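The values are calculated or read from the model by the stated rules, or taken from the named source; none is laboratory data. Everything numeric in this text was worked out from a predicted model, so none of it was measured. Reconstructed Cβ throughout: ideal geometry from the backbone, glycine too, with neighbour counts over all protein chains shown.
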Amino acid sequence: MNSSTQKDRLGSICAIMTGVLYVFIILYVIAVPSGQRYDPGQFFENYAENPITMNVLWIVMASIAVLAFGVIPSVGALVQTEYPRLVQAANGLGLAGSAVSAVSFLTMLGRAPGLAQAYVNGDSATKAAIAAIGLPQLDPFNVLVLGGVGAWLLVVNLLALQAGKLPKLHAVMGIGMAIFLGVAVIAAIIQSELLDQIAAGVGAVCAPVWYIWVGVRLNRTPAG
Amino acid sequence: MDHTKSQIKKGSKLGGVAAILIGVLNIVLVVYVLATPAGSRYDAGEFFRYFSESPLALSIAWIVFVVSAILSYAVIPIVSDMVTDVHRDWARAATLYGIVGYTVLGIWAITLTRTTPGLAARFVEGSEVTRTAILAYGLPEIDPDGWFMFGGTGTWLIVMNILAIRGQRLPRLQGIIGILAGICAWATVFGALLEYEPLNLIASGGGAFFYPAWFIWLGSRLWRTAESGKERGVA
């Protein structure tokens, strides 16, 4: 098959799966008590009691990040305009963010059970040591995890809007999502639960629609 | 010779040397399994005690992982060039899995090389409280089950070799060896996840043969292609 005219099936499937998986992200806001996100001690106690919610969520997050390796280059090719270097740089940021995200969630998935058990069974010195270090997050403020992906979304949607490569509503939705990903980073830095809830709420609504829509479009449009 | 042809020729030579070196270094990695008692791979306390007594074999293995990861950046794009017109999307996605997988492997190994000696010494010499705290936190590993380190690189090997067989870019036998190497990499993930030592041994044994064979074979072909000035990889 000539690769320059083939439809982007892999990118399309990955984008649609990403959209479907994003629906699960809403679980995070609904299922996780708010204090748990910022207090490691409370997190470990809750996790030791019921690890399934967080494990499922981390697997979903890691899967979304892995699927991004199929989505990001395809969307980059779809919106390719007269700014190929900008798209390349944005793709790089998006891929770096996704890679850090996947590794971070897989690390937490692998290490949280042992840490939670050690915390619950430990004496006060052990508890203090574990709580002080917290979860082994690679990017605790999500600067790359959310900010990198947000920067990619912002660039590709702005270029798509400018060149008419995506419907206006679709591109505006993508830009909005990118802005709220930035808001989520700020929420993590200043530990603002309200801001985090707003960003998560907007993301939970926009992300499934944007990804499924782009998936359908990739399946229709031959991408370079 | 135009610029593109020249780039391909240079890239093939660089990729060839890097692939041969990865292959040779992978033979050394068999040390990792042979030199590490099975218990110490699953028990952090035993691991720290073992490491403080004999740190050399593991340190060499980690350095080999780091060097292999760095060398892979010269090999992965060449393999991608070789099969990209067989199926662009799969080649592109698998290339990313390969690069990220090797990057995680490199960072994992650098972190362990830097932090384990201190942790092991503190564990052996420390009080009960210190030991409990160190054990509770364990090794400072990223991707502890190896989903990216071995799964990512395994996926890269499996996808690229399937594409290479489909597009007749590599001899069928080499493609099959590459797929088996990828399967061994995935077996390492499940060996660690299930803490099932026979699977780990099969994965390591198979990997110790298939990895070097595939990389050295690839490297020699890339080298010969560059030498003879042929365009586009090893077809």
ask   = Within the bounds of segment A:140-156, is there any residue that is in a helix (DSSP H, G or I) and either modelled with pLDDT under 90 or within 14 Å of chain B (Cβ to nearest Cβ) (or both)?
value = yes
ask   = Considering only residues of segment A:36-59 that are of a type in the set (A, V, I, L, M) and within 14 Å of another protein chain (Cβ to nearest Cβ), which is surrounded by the most Cβ atoms within 10 Å (Cβ to Cβ)?
value = A:48
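Table: residues versus (1) at the interface with chain A (Cβ under 9 Å from one of its Cβ atoms); (2) buried (at least 21 other Cβ atoms within 10 Å of the Cβ).
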| position | (1), (2) |
| --- | --- |
| B:75 | no, yes |
| B:105 | no, yes |
| B:111 | no, no |
| B:133 | yes, yes |
| B:153 | no, yes |
query = If we keep just the residues of segment A:129-139 that are assigned to a helix (DSSP H, G or I) and at the interface with chain B (Cβ under 9 Å from one of its Cβ atoms), which is nearest to residue A:49 (Cα to Cα)?
reply = A:130
key: Test result for residue B:204, surrounded by fewer than 15 Cβ atoms within 10 Å (Cβ to Cβ) and among the hydroxyl-bearing types (Ser, Thr, Tyr)   = no
query = Can you name the condition, by its number, that residue B:91 falls short on among (1) within 12 Å of another protein chain (Cβ to nearest Cβ); (2) closer than 30 Å to residue B:17 by Cβ; (3) surrounded by fewer than 21 Cβ atoms within 10 Å (Cβ to Cβ)?
reply = (3)
query = How many residues are facing chain B (nearest Cβ under 10 Å), more than 20 Å from residue A:60 (Cβ to Cβ) and either in contact with a Leu (Cβ under 7 Å, 6 or more places away or on another chain) or buried (at least 22 other Cβ atoms within 10 Å of the Cβ) (or both) when one looks only at segment A:77-103?
reply = 1
query = Going through segment A:61-86 one residue at a time, which ones are free of Cβ contacts under 8 Å to residues at least 24 places away in the same chain and closer than 15 Å to residue A:14 by Cβ?
reply = none
ask   = Within segment A:180-224, can you find the residues that are free of Cβ contacts under 8 Å to residues at least 24 places away in the same chain and under 14 Å from residue A:150 (Cβ atoms)?
value = A:183, A:186, A:187, A:199
ask   = In segment A:152-171, how many are under 19 Å from the mean Cα position of the chain (by Cα) and surrounded by fewer than 21 Cβ atoms within 10 Å (Cβ to Cβ)?
value = 2
remark   = Taking segment A:116-144 and keeping only residues that are touching a Gly at 6+ places or on another chain (Cβ under 8 Å), in contact (Cβ under 8 Å) with a residue 60 or more places away in the chain and crowded, with 18+ Cβ neighbours inside 10 Å, one is left with A:119, A:127, A:130
task = Can you tell me which residue within segment B:94-103, out of those that are aliphatic (A, V, I, L, M) and free of Cβ contacts under 8 Å to residues at least 60 places away in the same chain, is farthest from the other protein chains (Cβ to nearest Cβ)?
result = B:99
